[in-house]
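**Student:** Dropping the structure in here first, questions after.
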Amino acid sequence: MPSLPYYEQRSPGSGALPPRAAFASSAPRLDLGGRWRFRLSPTVAAAEAHDGQAHFAADGYDDTGWADLTVPGHWPLQGHGSPAYTNHRYPFPVDPPRVPTENPTGDHRLVFDLPADWPDSDSGGAVLRLEGVDSCCRVWLGGTELGVSRGSRLPVEFDAGPLLRRTRNVLAVRVHQWSSGSYLEDQDMWWLPGIFRDVTLLHRPAGGVRDLSVHAGYDHRTGLGTLRVDADPGGRVTVPELGVADLPAGQATTVPVQPWTAETPRLYAGTLATGAERVELRIGFRTVAVADGLLTVNGRRILLRGVNRHEWHPDHGRAVPYATMRDDLLLMKRHNVNAVRTSHYPPHPAFLDLCDELGLWVVDECDLETHGFADTGWRGNPVDDPRWTPALLDRAARMVERDKNHPSVILWSLGNECGTGRGLGEAADHIRARDPGRPIHYEGDPSCRHTDVYSRMYASPEEVRRIGERTEEPLDDPRLDARRRALPFVLCEYAHAMGNGPGGLADYQRLFETYERCQGGFVWEWIDHGIRQRTPDGREFFAYGGDFGEELHDGNFVCDGLLLPDRTPSPGLAEFKAVVQPVRFGGDAGGVRITNGHDFADLGLLAFRWSYQVAGETVAEGPLAVPPLAPGGSAEVKLGPPPPGALRKAPEGEAWWTVSAVLAADTAWAEAGHEVAWAQFAASPAPARPPLRPTATPRRDGAALRLGPGTFDAADGLLTALGGLPVQGPRLDVWRAPTDNDAMVLARPEDRLAERWHRLGLHRMRHRIDEVRLVETGLLVRTRVAPAAADLGLRTAYGWTSDGVRLRLAVEVEPEGDWPVPLPRLGVRLAVPAALGRVRWFGGGPGEAYPDSSRASRIGRWESTVDGLQTPYVRPQENGSRAGVRYALLTGEAGGGLRNSGGLRIEGEPEFALTARRWTTEQLAAARHTTDLLPDPDWIHLTLDHAQHGLGSASCGPGVLPAYRLQAAPTRFSLVFGVLPGRQPQG
Ligand code: IPT
């Protein structure tokens, strides 16, 4: 067989300069991003056939027939070819290192002049730096080949000096979508080829800095920092703030410093100067260690409140604009995220600069994943085949060399989901030798033989507890077992945030705060990778796997983040923020115990406030004196007595204290007043409402029954009107549009709830009317609610009473038969006129809440619209439920015409959960994209729930924990309906 073409060779590439640190310097640089010329060929042969005529790298080549393309960018997102999504299956036959003949090949071309002030060639050379090309590139400058590179999310530099001209430099880059490197880059994400990160030309002055390593340790016992900058070829270091002047490279100095931590990201600006170049240093002093079984920074255990971040932008894919990277970090900081795992490749280098600056712990992960070999029994796995080891070492080196000077990076990760193999050991040895100052992470090898932390993904809370107690299942090898049992533990992925969820965050957090070995984790994942598209009539939606006609794909599994694709925080992020908040509130209204949950910062950066609400209205508020507690410290603070004005109001409604911690001063990531943490304490319960007195008597009126303001259909007992409002329903409802966490086929069989619900027929329950009877005090409707082909059912009685003004509905549910699955929900649904689009309620808000995701919901008076209550999960599913609702008012939106009534009032006895939509549950369940949901012109569909089943995170991980399951059981609940008076006609 002939030797393999360059793009199928296992080697890292050819022609590249040795890897080195990313740094900013005084030497001129030229950003080559912008409009390039572009030609796509369906195969490598087709691209090369073009070269037969005239090579596209040559000066004078006529590219007028080519398209324009923005670089950095992916060509499939600019109208050439299309994206494709698979989770771990390779979208081509597994025959390493061979790739398909259909190998989209993009030829890129740029002609550029040097700026007038670019130094002459006798003052030095130049390198061409490509920060990221997916997946294999071959590069020419001025018609001469510079080399070939693989390693999509890693930089490569070529010596450009000898080829540079003042004008008309022709840069030509041939990019192949598939290469041997594709086998090493099987991350769960879109396959998106292209030059997707910056391309720059760097002047390299003679006598300039080739590379440098900043060593800045911190000794927490002495408060001293030790700085040493190793540089090739040398130079002198100056850090004015520390009084360090002209320290020779390679020499250490020890000075008092403020340490760098994610909470206190103290950076010292400095320079490294040679005669020819000045390099900017941003020095953060910190020491990372694994000591006594704990991962420590500056001598203290840290708790990771992390997220996994893929690079994603709904229009630009992984070519993420700088402003977007910054927005990501601001959003993280504002939601109490303190750590990022750069899943599953080193991020754009500027992202790490921002992490240094704003303060995040970073697990920097190598661009390496061979997950698809799991589908072929791991046969031929590159990480266990020495022929691939040079490529593995090349990737490790390019990551470590580029990112070694970032204080934010505290762990190196060898990669993700590669199974096990010797190559990983060699990569770990290489990294350890090069940088002993950072522990090593890798999840895929349970023996932990190459790593310094024990890492797992999606372990259940029960298993995490055992690990916390160091009583986990032993490994077969006692020596490895003893070693692993002594390691600190992190969950590199947990709480799969796909669609509505994750549920159960608080249950994990409790473990992290109980067991010192459990040092937190990283939610999977930060953002949904939806691609922005439009319907033919111009409505925007987000596409996922399968939407581009892929023959193999994994659907919407690519949308499993805490942000929707346009970076709108999902309710899951609000939940995360509340669950991990770094200030803890315990006790009760009589005495609140406040604990500083930071690892390093005292509470001096926060200001505390209290407020007192009666029936959701704030009647008094003020500052709360809290001592500037050290990390871990706590103090009891007295609230109250309730302010005098409040007492007068108290009889009208339940009262709550709200305590909150806000930023005392502006920070780099939020303004003073930004709320970091809060809690509520009940001050007085809701005053007992007098029960509705059933004074109205029912009467028959032709085919209708009348009771107080209600008109019912005598045949089925359903309400048809309330006062002047047409109504349909209410009747028992147990169905919800399955969430991704309900529906995922990857889940364990017992957690595949949607499948089990469908099999039982919960989506097609029938209501048999057994009796519609007028009784002295009202109306009684007996029914049996059950699906075809099953002998189980829910005997359901509706008892209606009225005081002449309002209607009370008491529902009694009696399950019959053996219910093998939890119910999705238990409530009633009804339809009310479409004009009732404005919603006000007193209860949990402002966002949605479910039994195992309710920490972000606080008791108050809230207002929204029916449209505003919806969470547009990329694949439509159950959403938007407001929990703990004491009462809700539905009225006309401004301008919405309601003829006979002002609206509807629904009261809980004492509470219910409210969903209101412009479509039915069945329509919601059938929709594949948000644009499939078309508003019903006539009706708003309400579900008033007594209870819902939890969310869990079974789309990849544990299902709903027992405490949040909704088992069918005898249940009674009641609601009171009233009509709001309409506006009186004028004149
Ligand atoms: C895990 C992967 O590491 C991650 O990339 C993502 O695919 C996630 O699953 C699910 O969204 S691997 C899985 C076998 C747990």
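**Student:** Taking amide H atoms as placed 1.01 Å from N in the peptide plane, list the residues 5 or more away in sequence, or in a different chain, whose amide H sits under 5 Å from that of Tyr887.
**Tutor:** Phe842, Gly908
**Student:** Ok, one more. Taking a ≥ b ≥ c as the square roots of the eigenvalues of the Cα gyration tensor of the range 926-977, is the shape rounded (a/c under 1.5), prolate (a/b larger than b/c) or oblate?
**Tutor:** It is oblate, given that a/c is not under 1.5 and a/b is not larger than b/c.
**Student:** Using a basic spin-label model with each label point 7 Å from the Cα along Cα→Cβ, how many nm lie between Asp566 and Glu516?
**Tutor:** 4.8
**Student:** Moving on. Among all lysine pairs in the chain that are eight or more places apart or on different chains, how many have alpha carbons less than 28 angstrom apart?
**Tutor:** 4
**Student:** Could you give the size of the charge dipole of the chain about its Cα centre, using +1 on the Cβ of each K and R and -1 on the Cβ of each D and E, expressed in debye and rounded to the nearest 20?
**Tutor:** It works out to roughly 2520 debye.
**Student:** Continuing with the same structure: Expressed as a whole number of Å, what is the distance separating the alpha-carbon centroids of the range 445-499 and the range 785-854?
**Tutor:** First find each Cα centre; the distance between them is then 42 Å.
**Student:** If you take the square roots of the eigenvalues of the alpha-carbon gyration tensor of the range 732-803 and sort them as a ≥ b ≥ c, do you get rounded (a/c under 1.5), prolate (a/b over b/c) or oblate?
**Tutor:** Cα axes put the range 732-803 in the prolate bin.
**Student:** Let me ask something else about it. Whole-Hz ³J(HN,Hα) for each residue in the range 271-278, computed from phi via Karplus 6.51 cos²θ - 1.76 cosθ + 1.60 with θ = phi - 60°, x for glycine and proline: what do you get?
**Tutor:** Going residue by residue, I get 9, 10, 10, 10, x, 9, 8, 10 Hz, with x marking Gly and Pro.
**Student:** Could I ask something else about it? So how tilted is helix 44-53 from the main axis of the chain? Cα-based, degrees 0 to 90, rounded to 10.
**Tutor:** 50
**Student:** Further question: Among 696-705, 771-780, 873-882, 520-529, how do they line up from the highest to the lowest mean number of other beta-carbon atoms within 10 Å?
**Tutor:** Packing proxy ranking, top to bottom: 520-529, 873-882, 771-780, 696-705.
**Student:** What translational D, rounded to a whole number of µm²/s, comes out for the chain from Stokes-Einstein when the hydrodynamic radius is the Kirkwood one over Cα pairs, at 4 °C and 1.567 mPa s?
**Tutor:** Estimated diffusion coefficient is 42 µm²/s.
**Student:** Give me the angle, in degrees from 0 to 90, between the Cα long axis of helix 422-434 and the longest principal axis of the Cα atoms of the chain, rounded to the nearest 10.
**Tutor:** Taking Cα atoms only, the helix is inclined about 70 degrees.
**Student:** While we're on this one: For the chain, what is the accessible area per residue in Å² when the probe is 1.4 Å?
**Tutor:** Per-residue value: 37 Å².
**Student:** Taking only Cα atoms, what is the 0 to 90° angle, nearest 10, from helix 322-334's long axis to the longest principal axis of the chain?
**Tutor:** With rounding to tens, the tilt is 50 degrees.
The values are calculated or read from the model by the stated rules, or taken from the named source; none is laboratory data. For clarity, every value in this text was computed on a predicted model and none was experimentally measured. No Cβ is skipped: glycine too gets one built from the backbone with ideal geometry, and neighbour counts run over all protein chains shown. Remember, those area values only see protein heavy atoms, side chains included, never the ligands or the DNA or RNA. Shrake-Rupley method; radii C 1.70, N 1.55, O 1.52, S 1.80 Å.
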